[in-house]
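J.: My questions will all concern the structure given below.
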């Protein structure tokens, strides 16, 4: 069974662990459903599975089979029009980059939402490792996600829990100006900007598989 050419796959990725990739995926999925779209949250971790009722704990899969397990999740759910695939770890996390890369290759997304936490400068659990600038992380994801098919970052999810509302608003405007992309904290601002980014990308139609 091959991939349905009109099934849009959006994958949340990020600069570290526990920065809100699951929350962003869930909130965008719910936002799309409220607007009448057939969207499905694809859980790849234990908490997401408990919330959604299905999925696969991708970090429990033997390394050689991570991409295949991710592909199976997509194939099982491609009767939905839009899949929001929960991200794990980060390509710049020395402990979990292998899982993340396998997940990225296996789900073969056409679009990414890049997530980060304001003020986090060191990799969680490996504090000796500095997190690269967000622009460099964006470039890394764009390179790795385009190896097999076109894929682009269409929005940015901000975790601003450690700063005030005023600081969060300034950071949001700074990021939007720097990257020219929709950006929001889905808890503080609501997910509408990211929901609209997915809808615009879907309606553009250029992402369809040949």
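Each reported figure results from applying straightforward, stated rules to the coordinates on display, with no laboratory input. Bear in mind the structure is a predicted one, so any value in this text is a computation, not a measurement. Note that each Cβ is placed from the backbone with ideal geometry, even for glycine, and that neighbours are counted across all protein chains shown.
J.: For the stretch 1-81, please list each of the helices (runs of 4 or more DSSP H) lying entirely inside it that holds at least 3 residues being without any contact (Cβ under 8 Å) to a residue 12 or more places away in the chain.
T.: Hits in the stretch 1-81: 46-52.
J.: The conditions are (1) over 24 Å from residue 31 (Cα atoms); (2) in contact with a strand residue (DSSP E or B) (Cβ under 6 Å, 6 or more places away or on another chain), and residue 132 fails exactly one of them. Which is it?
T.: With (1) over 24 Å from residue 31 (Cα atoms); (2) in contact with a strand residue (DSSP E or B) (Cβ under 6 Å, 6 or more places away or on another chain) applied to residue 132, the lone miss is (2).
Matching residues to (1) within 20 Å of residue 111 (Cα to Cα); (2) within 15 Å of the chain's Cα centre (by Cα); (3) surrounded by 23 or more Cβ atoms within 10 Å (Cβ to Cβ):
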| site | (1), (2), (3) |
| --- | --- |
| 23 | yes, yes, no |
| 38 | yes, no, no |
| 44 | yes, yes, yes |
| 47 | no, no, no |
| 52 | no, no, no |
| 61 | no, no, no |
| 64 | no, no, no |
| 78 | yes, no, no |
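J.: List the helices (runs of 4 or more DSSP H) inside the stretch 91-179, counting only whole elements, that have at least 3 residues being exposed (fewer than 13 other Cβ atoms within 10 Å of the Cβ).
T.: Passing ranges, in order: 134-145, 165-179.
J.: Also, I was wondering about something else. Of the residues that make up the stretch 8-18, is at least one surrounded by fewer than 14 Cβ atoms within 10 Å (Cβ to Cβ) and more than 28 Å from residue 120 (Cα to Cα)?
T.: no
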